[in-house]
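Below is one structure, written out as structure tokens; comments come after it.
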Amino acid sequence: MAAQTHLPPPDPGPAALRDLAVRAALQQGLLEREPVVCLLDVAGIRASAAALTAAFAAAAAPGTPVLHTFAVKAAPLVPVLRLLADAGIGCEVASPGELALARAAGVPAERTVLDSPAKTRAELREALALGIAVNADNPQELARLDALTAAAPGAAPRSPLGLRINPQTGAGTIDALSTATATAKFGFPLRDPGAREALVRAFLDRPWLTRLHTHSGSQGVPLKLIAEGVREVHALAEEINAAAGRRQIDTLDIGGGLPVNFASDEHTPSYADYAQALRAAVPALFDGSYGLVTEFGRSLLAKHGLILARVEYTKETGGRPIAVTHAGVQLATRTVYAPASWPLRILAYDAGGVPRTGDRVAQDVAGPACFAGDLLATARELPRLHPGDVIAVPDTGAYFFTAHYGYNSLPRPAVHGFTAAARGGIRFALARAAQPLADLVAEAGGALRDALLPDAAP
């Protein structure tokens, strides 16, 4: 008798996998304990990390040092950072809290980058002591680094140190996320009068500055504009190295900001598209002359997140059907406050997790918060929703439920990672527990109840 061959389960595709996850979440009672839960596709996250690594490995000359880091602000969850670290991705941090999360996840200092426009002396001191890479944002911060490095005369800093550059190449379609405009708050401006000469002099005066950093991309910024910012910084590095007469700058941190497609399940643009755009704009970027650092966030996680929420009530006002759910501004803050810039898809399921079908009706999908604008969708055409149904909101793995907004003291929901098992099953692993109401009270000063009364003890 021939030996049996055990093949891995076939890839069900994003829509089929999502349907499996919704049904499994309901069958396993995830929505019985809380009326809203959030899911992360573990294999999908690994696949995104692999796609990023492969795209740069294919583009760069053999032996080019490349460090891919994850922008922690996109999903500040220790298990997520640990998963990405296991997939070869470090951390880009922008606050003491984010650094603490990265360290809790076991990310080593040499795979961590500190970026922030408002670093304190204490933050800089800690980063230098740990050997974490630091990108200074402005001349006053650079003066702080001068003082801190002078405190150890004769010793080169353990940390790789560089300057963040604003190439001033222009805005994308979302002004609030455009970091390379003429007046953006980040970095040293490159095109202001005298700025370029001052930057060259700053490096010549400080042999310990060895990096340039830029972050010209984000949601709404086209690849061509992102690549233009990288090209400007590469040219500046060449100019500084020529003036120094040596390879003083050895690494270019080109940031992240690859846009995400929120309109369908397609992953567009891809990391391969991004690498191709860079090669077209900056052919020498990948020739091995410089080590490279990236800082992607949204593009690694967004497509792998899913919000599930019960429909609590349905009603009709002014002829408009409204479905009131438990998912709103606390999870999808950007969508609620800027719906034109951050539209989300809404998928309708019945109480058993079967996709709803039938005639589509324009209806509002509302959240639980006490203000009129708490809407995930307005006049969205969906099969008519009913109490007890479930809505699923895809593409929410970054900057949505991972960065909770505490309006109305709505508690943080549980986050579960999920993995497809053999024979079509789904396994869940808790990545963040739902916030107990007792913890919410404690955060709100519950133990200090009488502190503001006139007769409170000093």
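The values are calculated or read from the model by the stated rules, or taken from the named source; none is laboratory data. Since the model is a prediction, treat every value here as computed from it, not as a measurement. FYI the Cβ positions are ideal-geometry reconstructions off the backbone, even for glycines, and counts take in every protein chain you see.
Couple of notes before you dig in:
- Which numbered condition residue 327 fails, given (1) farther than 25 Å from residue 25 by Cα; (2) part of a loop (DSSP other than H, G, I, E, B); (3) of a type outside the set (Val, Ile, Thr); (4) touching a strand residue (DSSP E or B) at 6+ places or on another chain (Cβ under 6 Å): (1)
- Residue within region 276-297 that is outside any strand (DSSP E or B) and aromatic (Phe, Trp, Tyr) present: yes
- Scan of region 311-342 for residues that are closer than 16 Å to residue 380 by Cβ, touching a residue at least 12 places away in the same chain (Cβ under 8 Å) and surrounded by fewer than 16 Cβ atoms within 10 Å (Cβ to Cβ), ordered by number: 320
- Within region 259-316, considering residues that are among the polar types (S, T, N, Q) and more than 15 Å from the chain's Cα centre (by Cα), the one nearest to residue 52 (Cα to Cα): 270
- Residue check, residue 291 among the small types (Gly, Ala, Ser), under 17 Å from residue 66 (Cβ atoms) and in contact with a strand residue (DSSP E or B) (Cβ under 6 Å, 6 or more places away or on another chain): yes
- Note on region 77-93: residues that are touching a residue at least 12 places away in the same chain (Cβ under 8 Å) and surrounded by fewer than 19 Cβ atoms within 10 Å (Cβ to Cβ) total 5.
- Residue 354 fulfils the conditions (1) in contact with a Leu (Cβ under 8 Å, 6 or more places away or on another chain); (2) of a type in the set (A, V, I, L, M); (3) surrounded by fewer than 23 Cβ atoms within 10 Å (Cβ to Cβ) except for a single criterion, (1).
- Taken together, the residues in region 185-201 that are in a loop (DSSP other than H, G, I, E, B) and over 14 Å from residue 138 (Cα atoms) amount to 3.
- One residue stands out in region 218-235 among those that are among the aliphatic types (A, V, I, L, M) and out of contact with any strand residue (DSSP E or B) (no Cβ under 6 Å at 6 or more places or on another chain): the one that is modelled with the lowest pLDDT, namely 221.
- Top-ranked residue of region 124-136 - restricted to ones that are surrounded by fewer than 20 Cβ atoms within 10 Å (Cβ to Cβ) and of a type outside the set (Lys, Arg), ranked as nearest to residue 203 (Cα to Cα): 131
- Selected residue [part of a loop (DSSP other than H, G, I, E, B) and either of a type in the set (D, E, K, R) or within 15 Å of the chain's Cα centre (by Cα) (or both)] from 125, 158: 158
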